[in-house]
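> Below is the structure I would like to discuss, written out as structure tokens.
The values are calculated or read from the model by the stated rules, or taken from the named source; none is laboratory data. None of these values were measured; they are calculated from a predicted model. For neighbour counting, all protein chains shown are included, and Cβ atoms are generated from backbone atoms with ideal geometry for every residue, glycine included. What goes into the accessible areas is simple: the full protein's heavy atoms, side chains included, and nothing from ligands, DNA or RNA. Shrake-Rupley method; radii C 1.70, N 1.55, O 1.52, S 1.80 Å.
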Amino acid sequence: MANVDVIVVGAGVAGLVTADRVRAAGRSVVVLEARDRVGGRTLTEVVPGVKDLSVDAGATWVAPDQQHVRTELARFGLETTPQAGPGDALASLRGKARRYTGAARALDPVTTADVGQAMMRFAAAAEHVDVVAPWRGDHATKYDAQTFESWIRRTCVTSKGRDYFRLLCEAVLATEPQNVSLLHMLFVARSGGGLSHLVTTGGGAQDARVVGGMQQLAQFLAAGLGRWVRLQEPVTTIMHDADGVSVHSESGATTAHRVVVTVPPALATSIEYLPGLPHDRTQLVQRMPHGSVVKCHAVYSRPFWHDFALSGEMTTDEGPGKVVFDTSPPGSGYGVLTVLVEGDDALRLGARGEARARTAVLRGLAEHLGPRAMDPLAFVSRDWTAEEWTRGCFGAQLPPGAWTQVGSALRVPVGRIHWAGAETAERWCGYVDGAVSSGERAAAEVLAALP
Ligand SMILES: Cc1cc2nc3c(=O)[nH]c(=O)nc-3n(C[C@H](O)[C@H](O)[C@H](O)COP(=O)(O)OP(=O)(O)OC[C@H]3O[C@@H](n4cnc5c(N)ncnc54)[C@H](O)[C@@H]3O)c2cc1C
């Protein structure tokens, strides 16, 4: 006889939403989580040595059109604060820094024209992508036979235009465009409302931050589930047959009618499935590597960049930290700069050791903000590639061929095994909003299938 109706593997946002909905429907559920905490890729950390200050080491921002996560935040009374602040942002390409306000990054007129025409072509191509089934459609095979880098080279006529799109790719996927299928880039953009929307503060994907930190969402969901969330229980084996599932972790086996696996695709292969999964599913998760991000926070006694009428938002093509935001908590008095080191830069920085990595990141800030940037009150960083239970972020990206050859296996249950997680979402794939909607979908699937 089954111990519970449903087992959920992973206590990130997707897993906790799945469990929350199963429980709300009056069915029994247990969540098995490998880490000693909930939240997965959401993590709000206290900054050591700085009174009353915490930072989001994982996910930070929500967009106005992310209705799934917004509804969930509102349910727990979690408020947001706008990202866009006073002052000019900075864009620096090939050593030339320009100030700008609003969404359009300051580029010289020739680059602006080049980026504009390429953006129009990108948007037109994205129109052909089916977000529900990206592997389908007249153009899918053609787009999936090339990398985003080859598209950039073919489409942009200026070197700065090409650099701009490479930067966009790193900012959105935390990897270089030669690693990514054009179809995947088009899908991610369409899934999140357009490429520009994904890199915009006011009104876009970086519109607002959660006051007190994003991980609170997972903590509230877990509190509602109480003892049914079991930490430090890495799942090693899932046995499944016509009668039920048996999920094995350190404390033994738990049985259920259905299991929902919400671990990131790159980690799904570390679980043994008996009997094994269909070939297309196995191939798919082997072809969904994660990007690389080291997320750093430099904390100052006050946001001194306001003295120069700068907002603290910066985009630069010189690493290691190419994307910077002011994430100072409102009313705290502190000045906090979030520095995102992505792709190759993150891999190199992660290998440098803590002290040298810190110096390299601060030097990058000082380049644009002056010597005061070298002397923060505190500096914290998290290398997500080194995280045993995440192995890179922000999420998975598919290389050429993967979507059209095996992508259709993404959400298809295998017997009694169901799949959730931000990477399985149709809308806002790879974002917290996608994690929420994937949990809702998976919960509906298992509830419909329970005896
Ligand atoms: C640095 C960073 C910045 C980001 N910024 C943003 C942002 O600003 N906005 C946004 O919307 N999104 C952002 N994201 C992406 C967002 O965090 C994720 O899309 C989302 O949190 C994924 O949720 P999930 O539940 O699908 O997966 P996860 O959060 O990865 O949860 C999976 C869980 O499974 C557990 N697990 C793994 N293996 C096992 C096992 N064998 N047994 C049991 N448990 C296991 C893991 O420990 C984890 O808790 C960011 C991510 C990172 C890392």
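> Which of the residues that make up region 1-27 are of a type in the set (Lys, Arg) and either within 15 Å of the ligand (Cβ to nearest atom) or touching a helix residue (DSSP H, G or I) at 6+ places or on another chain (Cβ under 6 Å) (or both)?
ARG21
> Let me ask another. Taking region 391-401 as the search range and keeping residues that are within 13 Å of ALA266 (Cβ to Cβ) and crowded, with 21+ Cβ neighbours inside 10 Å, which one is modelled with the highest pLDDT?
LEU398
> How many residues are crowded, with 21+ Cβ neighbours inside 10 Å and either assigned to a helix (DSSP H, G or I) or within 16 Å of the ligand (Cβ to nearest atom) (or both) if we restrict to region 294-311?
6
> Another question, if that's okay. Go through (1) out of contact with any Phe, Trp or Tyr (no Cβ under 7 Å at 6 or more places or on another chain); (2) within 15 Å of the ligand (Cβ to nearest atom) one by one and return the number of the condition GLY291 breaks.
The one condition GLY291 does not meet is (1).
> Within region 133-151, identify whether any single residue is out of contact with any Gly (no Cβ under 7 Å at 6 or more places or on another chain), assigned to a loop (DSSP other than H, G, I, E, B) and closer than 26 Å to VAL294 by Cα, and answer yes or no.
Within region 133-151, none of the residues are out of contact with any Gly (no Cβ under 7 Å at 6 or more places or on another chain), assigned to a loop (DSSP other than H, G, I, E, B) and closer than 26 Å to VAL294 by Cα.
> Return the residues of region 236-267 that are within 11 Å of the ligand (Cβ to nearest atom) and farther than 16 Å from ARG416 by Cα; say none if nothing qualifies.
THR236, SER249, GLU250, VAL263, PRO264, PRO265, ALA266, LEU267 - these are the residues of region 236-267 that are within 11 Å of the ligand (Cβ to nearest atom) and farther than 16 Å from ARG416 by Cα.
> So, one more: Can we say VAL55 is within 15 Å of the ligand (Cβ to nearest atom) and in contact (Cβ under 8 Å) with a residue 40 or more places away in the chain?
So VAL55 passes the test.
> Do you know which residues across region 381-396 are under 24 Å from ALA298 (Cα atoms) and out of contact with any strand residue (DSSP E or B) (no Cβ under 7 Å at 6 or more places or on another chain)?
Matches in region 381-396: THR385, ALA386, GLU387, THR390.
> Can you confirm whether LEU284 is among the aliphatic types (A, V, I, L, M) and either open to solvent by less than 40 Å² (accessible area, probe 1.4 Å) or at pLDDT below 95 (or both)?
Here the answer is yes, as LEU284 does meet what is asked.
> Next question. Restricting to region 383-435, and then to whatever is assigned to a strand (DSSP E or B), more than 23 Å from ALA57 (Cα to Cα) and of a type in the set (A, V, I, L, M), can you tell me which residue is nearest to the ligand (Cβ to nearest atom)?
Only one residue fits best here, namely ILE417.
Quick grid of which residues meet (1) touching a residue at least 12 places away in the same chain (Cβ under 8 Å); (2) in contact with a Cys (Cβ under 9 Å, 6 or more places away or on another chain); (3) assigned by TED's automatic domain parsing to the domain that holds GLY26:
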{"residue": "PRO134", "(1), (2), (3)": "yes, no, no"}
{"residue": "ASP144", "(1), (2), (3)": "yes, no, no"}
{"residue": "PHE220", "(1), (2), (3)": "yes, no, yes"}
{"residue": "ARG227", "(1), (2), (3)": "no, no, yes"}
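> Considering only region 333-355, how many residues are over 26 Å from the mean Cα position of the chain (by Cα) and either of a type in the set (S, T, N, Q) or assigned to a helix (DSSP H, G or I) (or both)?
1
> Another question about this same structure. Going by what's in this entry, would PHE379 be described as surrounded by fewer than 22 Cβ atoms within 10 Å (Cβ to Cβ), of a type in the set (Phe, Trp, Tyr) and under 30 Å from GLU33 (Cβ atoms)?
Considered against the rule, which asks whether it is surrounded by fewer than 22 Cβ atoms within 10 Å (Cβ to Cβ), of a type in the set (Phe, Trp, Tyr) and under 30 Å from GLU33 (Cβ atoms), PHE379 comes out as yes.
> Scan region 215-235 residue by residue and report those that are within 12 Å of the ligand (Cβ to nearest atom) and touching a helix residue (DSSP H, G or I) at 6+ places or on another chain (Cβ under 7 Å).
LEU217, ALA218, LEU221, ALA222, VAL229 - these are the residues of region 215-235 that are within 12 Å of the ligand (Cβ to nearest atom) and touching a helix residue (DSSP H, G or I) at 6+ places or on another chain (Cβ under 7 Å).
> Here is a list: ALA34, ALA63. Which entry is within 23 Å of TRP384 (Cβ to Cβ), open to solvent by 10 Å² or more (accessible area, probe 1.4 Å) and in contact with a strand residue (DSSP E or B) (Cβ under 9 Å, 6 or more places away or on another chain)?
The unique qualifying residue is ALA34.
> If you go through region 196-209 one residue at a time, how many are in contact with a helix residue (DSSP H, G or I) (Cβ under 9 Å, 6 or more places away or on another chain) and open to solvent by 10 Å² or more (accessible area, probe 1.4 Å)?
Total meeting the criteria: 5.
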